[in-house]
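The values are calculated or read from the model by the stated rules, or taken from the named source; none is laboratory data. None of these values were measured; they are calculated from a predicted model. Neighbour counts are summed over all protein chains in view; Cβ atoms, including those assigned to glycine, are modelled from backbone coordinates with ideal geometry.
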Amino acid sequence: MRFLAKLLKHWYLYLIPVLLLPAAGTLYGKQKLSVYETSALLYVHASDALTGTNTDFNSFASPAQNGADLMNQLLQSTNFVIGVAQSTDLAKQFDLTDRTDKDIVASRIRGDVVIVPLGVGGNLVTVTVDDKSPTIALQIAKALLSSSSDSVENQRLTQDQSNEAFVNQQLDQVKAAVALDVQKLNAYINAHPDSGTVGKAPDPQHQVLLAQLNTDSTTQARLISQLTSIKSDEAAASTGHSKVFDVLDDPLPPLRPTLHLKGLIPYTGGGLAAALALILLIVGTRTVLDRKVYSTRDLRNITEEMELDIPLLTEIPVLETLTRSNRRQHDDDVLSGVLVPILTVLPQSSTEVLNHEIRGAVGVSVMDDD
Amino acid sequence: MDVSLIARAAAPITRKRGRKGRRGNEFASNHERDIIVQRRGETVLEHFRRIYLALQPIDPSEVMPVIGVTSSVGREGRSTIAAGVAAAMAADLEAPIVLVEADLESPGMHRVLGIGEQPGICEYLRGEVELATVLRQIADRFYVLPSGDARGEAARLARQLVSSDLLMRLQSSGAVPVLDLPPVLASSYGVLACSMADTLAFAVRSGQTTTTQVKEALARLPEEAVRGIVLNGAEPQLPSWLRGRD
């Protein structure tokens with residue numbers, strides 16, 4: 001109860017931390033959470049790079065989904081992220097060869113970037129970058145778009161080169177097979193001049209050799225076509241003409257910080273919790289350290305502890321004084337001022353009999369006094 | 001004192017307030033304040049009455065003991081309690097009551113009762129004035145002996161007071177002395193001065209005096225002399241809305 005009494009006695013003072021600390025927490029959170037935001041709008045092409053030659057992509061998903069997935073996957077690569085950071089002021093602030101700094105930068109960029117496909121159309125992707133620094137936010141956004149495009153093109157080039165080598169190898173084999181087929185067919189025709197002649201019964205062996213030659217020739221033609229396509233794609237990729245996406249809206253320098261109000265709740269709540277904890281600490285400490293006597297119970301505890309049989313005679317409450325000036329005048333005495341009405345309650349003698357009696361008793365004659 | 005008579009006097013004032021507007025209001029307000037004070041005076045007197053009634057002998061034929069009010073440290077309301085007890089006794093008893101301010105070091109009775117500080121007991125003990133000169137009548141059967149100016153000799157004068165026949169002279173005249181004693185811990189002659197009283201009321205100021213001070217002071221006083229404790233300035237620790245209806 002004493003704790004509660006102490007808490008309620010100066011409750012208005014405890015409003016100060018209750019108001020100030022949440023306000024301070026909110027301000028701190030506002031400062032900490034305020035970020036500069038920039039965003040870009042991309043149009044992702046439904047090219048073979050995303051849905052055709054690359055088997056990692058989901059051909060049932062929209063180009064926007066595939067494009068967003070691709071960029072998000074790239075963000076998981078530390079090398080890619082550090083490559084992005086190389087094009088920003090982060091490279092000046094951090095040592096990007098140091099492992100710890102790399103992790104810090106990678107974590108910061110991953111936390112800053114949000115890539116989501118838009119529900120409209122199926123080709124649109126937004127890339128949003130939040131950062132404490134407006135410059136770095138813009139730099140990250142631009143570097144991310146550039147690096148993503150470069151990375152995809154590099155991947156395509158590598159893939160094309162690999163495919164070209166593979167197709168070339170296959171083509172060589174098929175060419176050899178075709179040459180062999182021609183050689184075999186020519187040898188057979190030379191040995192059997194009538195075979196294949198019109199009007200004669202078909203020669204089964206000749207037919208087989210001819211069919212094999214046709215098959216191998218078809219395969220050869222297909223591989224040549226495929227190789228031509230790969231070379232074309234490779235040439236486009238190596239010259240930078242093979243774009244996975246077009247930037248519809250370039251990222252712009254952010255003008256004002258953006259604040260997400262929901263993020264402030266923990267800071268305001270934390271301030272309030274700190275205020276309550278502070279109040280509990282103060283009141284608790286005051287309660288524990290306070291050794292003053294407040295009630296009859298305290299007095300009873302003292303007499304019981306000292307094993308004294310002293311009763312409580314009365315409990316005189318605090319009474320207001322007659323006037324405010326009286327209260328000031330007798331500030332040292334809680335009951336000063338109430339004695340004045342007490343004395344007015346006392347009967348005022350109309351005679352001087354008692355006065356004379358007592359004065360006479362203490363050795364002064366009434367006559368002398370008068 | 002019949003408080004109800006005063007209360008009845010308030011009735012016309014209420015009617016006057018209704019007729020005379022603002023001026024009537026102020027007039028009534030002042031009178032009502034006086035009435036409240038009178039009622040409060042009676043109520044407060046009841047608190048002091050309880051003190052002397054608890055300290056007086058059970059047998060009314062016995063001589064009223066010398067009641068002293070002390071405390072552990074200063075500013076605990078000793079002077080007021082002593083004056084209140086004296087006032088209550090003066091209101092109830094036939095004998096004249098003399099309030100003796102035995103706290104020579106830091107007297108406060110003149111402030112409490114609004115009387116002149118000098119001459120007082122110190123001047124009497126130094127032989128500068130007669131006792132009757134320092135005796136002040138406050139009300140019917142209510143007298144005060146203020147302490148006067150100790151001029152830095154409070155301890156010596158206190159010793160002289162204890163060994164003097166002052167109280168005996170008062171008692172022999174039929175008066176009942178009530179002593180406003182110095183604090184036990186704060187005054188060097190507190191315990192000595194307490195020896196003048198037959199029975200002691202020990203004042204404790206709520207929210208000011210520490211338990212350590214109370215214990216130390218009680219330990220210094222003779223156990224049989226301290227007949228009761230008065231908790232002064234007691235306030236409800238919880239606000240009324242939390243306590244419920246008293």
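Restricting to the range B:69-86, give me the number of residues that are assigned to a loop (DSSP other than H, G, I, E, B) and of a type in the set (Ser, Thr, Tyr).
1
Quick check on my filter: what residues within the range B:114-140 are at pLDDT below 90, among the charged types (D, E, K, R) and either more than 12 Å from B:Leu99 (Cβ to Cβ) or over 18 Å from the mean Cα position of the chain (by Cα) (or both)?
Those that are at pLDDT below 90, among the charged types (D, E, K, R) and either more than 12 Å from B:Leu99 (Cβ to Cβ) or over 18 Å from the mean Cα position of the chain (by Cα) (or both): B:Glu117, B:Glu130, B:Asp140.
Take the range B:108-143 and flag every residue that is of a type in the set (Lys, Arg) and either in a loop (DSSP other than H, G, I, E, B) or away from every other protein chain (no Cβ under 12 Å) (or both).
Passing the criteria: B:Arg126, B:Arg141.
What do you reckon, is A:Phe80 at pLDDT 90 or above and surrounded by 14 or more Cβ atoms within 10 Å (Cβ to Cβ)?
Here the answer is yes, as A:Phe80 does meet what is asked.
Return the residues of the range B:40-84 that are among the β-branched types (Val, Ile, Thr) and more than 10 Å from chain A (Cβ to nearest Cβ); say none if nothing qualifies.
Residues satisfying the conditions are B:Ile58, B:Val63, B:Val66, B:Ile67, B:Val69, B:Thr70, B:Val73.
Could you run through the range B:87-96 and say how many residues are crowded, with 24+ Cβ neighbours inside 10 Å and either touching a Pro at 6+ places or on another chain (Cβ under 8 Å) or more than 10 Å from chain A (Cβ to nearest Cβ) (or both)?
The total comes to 2.
Yes or no: A:Ala236 free of Cβ contacts under 8 Å to residues at least 60 places away in the same chain and surrounded by 15 or more Cβ atoms within 10 Å (Cβ to Cβ)?
The answer is yes for A:Ala236.
Filter the range B:32-80 down to the residues that are of a type in the set (Val, Ile, Thr) and at pLDDT below 90, then identify the one that is surrounded by the most Cβ atoms within 10 Å (Cβ to Cβ).
Filtering the range B:32-80 for residues that are of a type in the set (Val, Ile, Thr) and at pLDDT below 90, the one surrounded by the most Cβ atoms within 10 Å (Cβ to Cβ) comes out as B:Thr80.
For B:Arg227, state whether it is more than 7 Å from chain A (Cβ to nearest Cβ), without any contact (Cβ under 8 Å) to a residue 60 or more places away in the chain and basic (Lys, Arg).
no
Somewhere in the range A:62-75, is a residue part of a helix (DSSP H, G or I) and more than 21 Å from A:Lys243 (Cβ to Cβ)?
The answer is no, given that none of the residues of the range A:62-75 is part of a helix (DSSP H, G or I) and more than 21 Å from A:Lys243 (Cβ to Cβ).
B:Ser163 passes all but one of (1) of a type in the set (Ser, Thr, Tyr); (2) more than 12 Å from every other protein chain (Cβ to nearest Cβ); (3) touching a residue at least 12 places away in the same chain (Cβ under 8 Å); which number fails?
Answer for B:Ser163: the failing condition is (3).
When you go through A:Thr53, A:Thr88, A:Thr128 one by one, which is the residue that is of a type in the set (Val, Ile, Thr), modelled with pLDDT under 90 and touching a helix residue (DSSP H, G or I) at 6+ places or on another chain (Cβ under 9 Å)?
A:Thr53
Looking at (1) surrounded by fewer than 17 Cβ atoms within 10 Å (Cβ to Cβ); (2) in contact with a strand residue (DSSP E or B) (Cβ under 9 Å, 6 or more places away or on another chain); (3) modelled with pLDDT of 90 or more, which one does A:Asp246 not meet, given that it meets all the others?
Looking at each condition in turn, A:Asp246 falls short on (3).
Could you pull out the residue among A:Val288, A:Val362, A:Val318 that is at the interface with chain B (Cβ under 8 Å from one of its Cβ atoms) and modelled with pLDDT of 55 or more?
A:Val318
Hey, can you tell me all the residues within the range A:14-35 that are closer than 23 Å to A:Ile109 by Cα, out of contact with any strand residue (DSSP E or B) (no Cβ under 6 Å at 6 or more places or on another chain), modelled with pLDDT of 85 or more and surrounded by 17 or more Cβ atoms within 10 Å (Cβ to Cβ)?
Answer for the range A:14-35, where residues must be closer than 23 Å to A:Ile109 by Cα, out of contact with any strand residue (DSSP E or B) (no Cβ under 6 Å at 6 or more places or on another chain), modelled with pLDDT of 85 or more and surrounded by 17 or more Cβ atoms within 10 Å (Cβ to Cβ): just A:Gly29.
From the set of residues in the range B:230-245 that are surrounded by fewer than 20 Cβ atoms within 10 Å (Cβ to Cβ) and touching an Asp or Glu at 6+ places or on another chain (Cβ under 9 Å), which is farthest from the other protein chains (Cβ to nearest Cβ)?
Among those that are surrounded by fewer than 20 Cβ atoms within 10 Å (Cβ to Cβ) and touching an Asp or Glu at 6+ places or on another chain (Cβ under 9 Å), it is B:Ser240.
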